[in-house]
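Everything below concerns the one structure shown next.
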Amino acid sequence: MIPKKRNSIFNFKAQAAIEYLMIIALTLGIILPTTYLFFRYGSQSSDQIIDSQIIQVGRGIIDTAETVYFSGEGSKIVLQLNMPEGIEDINIIDNRELVFNVTTSYGEIESVFFSATNITSEFCTDNVCSLSSIAGKGLKGIKIESFDNGNSVLISKQT
């Protein structure tokens, strides 16, 4: 028996359609995970950049505060620092800890920097001093000056 031409054309079209669908499925199977990994890596890189910027800013403030402290009464340095995005608040706790409250894609984190000198701010309640005036993204002028006969360092926003 000779097969009908109509059935062979139909089978050929069905086979071509299935092959086409398999190629699309394979392509999507490669593109979707790759895209997910790319965006995930991009978000992690962004958080790492922000974290390294906060470390640079925190260490810069603490190092400058210690320099001013050891320079004595009346010493003053003004820093121009570029604050990264995500900094919600900055506090000084017990005159020794500079704490950055940061929001990232992982949630809220705290970055803490310890000072060998007494550091303070203009706005203190009990053992917590607020530096919220310098929190937030952008270029900030930060004034660091020695006071109290050289026994403490005041950190404030440059006016």
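The values are calculated or read from the model by the stated rules, or taken from the named source; none is laboratory data. These numbers were taken from a predicted model, which means no experiment stands behind them. Note that we place each Cβ from the backbone using ideal geometry, even for glycine, and neighbour counts take in every protein chain shown.
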Restricting to the range 88-110, count the residues that are part of a loop (DSSP other than H, G, I, E, B), closer than 27 Å to Thr125 by Cβ and touching a helix residue (DSSP H, G or I) at 6+ places or on another chain (Cβ under 9 Å). 0
Which residues, taken from the range 63-86, are in contact with a Ser or Thr (Cβ under 6 Å, 6 or more places away or on another chain), farther than 17 Å from Asn151 by Cβ and crowded, with 19+ Cβ neighbours inside 10 Å? Gly86
Give the residues of the range 136-159 that are among the hydrophobic types (A, V, I, L, M, F, W, C) and crowded, with 18+ Cβ neighbours inside 10 Å, sorted by residue number. Ile142, Ile144, Val153, Leu154, Ile155
Kindly indicate whether Arg40 is charged (D, E, K, R), modelled with pLDDT of 90 or more and part of a helix (DSSP H, G or I). no
Picking from Ser132, Ser152, Ser115, the residue that is touching a Leu at 6+ places or on another chain (Cβ under 8 Å) and within 13 Å of Ile92 (Cβ to Cβ) would be Ser115
Of all residues in the range 97-108 being out of contact with any Gly (no Cβ under 7 Å at 6 or more places or on another chain) and surrounded by 15 or more Cβ atoms within 10 Å (Cβ to Cβ), the one that is nearest to Gln44 (Cα to Cα): Asn101
Checking Glu85 against (1) part of a loop (DSSP other than H, G, I, E, B); (2) more than 16 Å from the chain's Cα centre (by Cα); (3) under 28 Å from Ser46 (Cβ atoms): exactly one of these is not met. Which one? (2)
Only one residue in Arg40, Arg59 is of a type outside the set (A, V, I, L, M, F, W, C) and touching a Phe, Trp or Tyr at 6+ places or on another chain (Cβ under 8 Å). Which one? Arg59
Unmet criterion (only one of (1) farther than 30 Å from Ser45 by Cβ; (2) of a type outside the set (Ser, Thr, Tyr); (3) part of a strand (DSSP E or B); (4) modelled with pLDDT of 90 or more) for Ala116: (3)
Of the residues in the range 87-96, those that are surrounded by fewer than 17 Cβ atoms within 10 Å (Cβ to Cβ) and in contact with a Gly (Cβ under 9 Å, 6 or more places away or on another chain) come to Glu88
By residue number, the members of the range 87-110 that are in contact with a Ser or Thr (Cβ under 9 Å, 6 or more places away or on another chain) and without any contact (Cβ under 8 Å) to a residue 40 or more places away in the chain are Arg96, Glu97, Val99, Asn101, Ile109
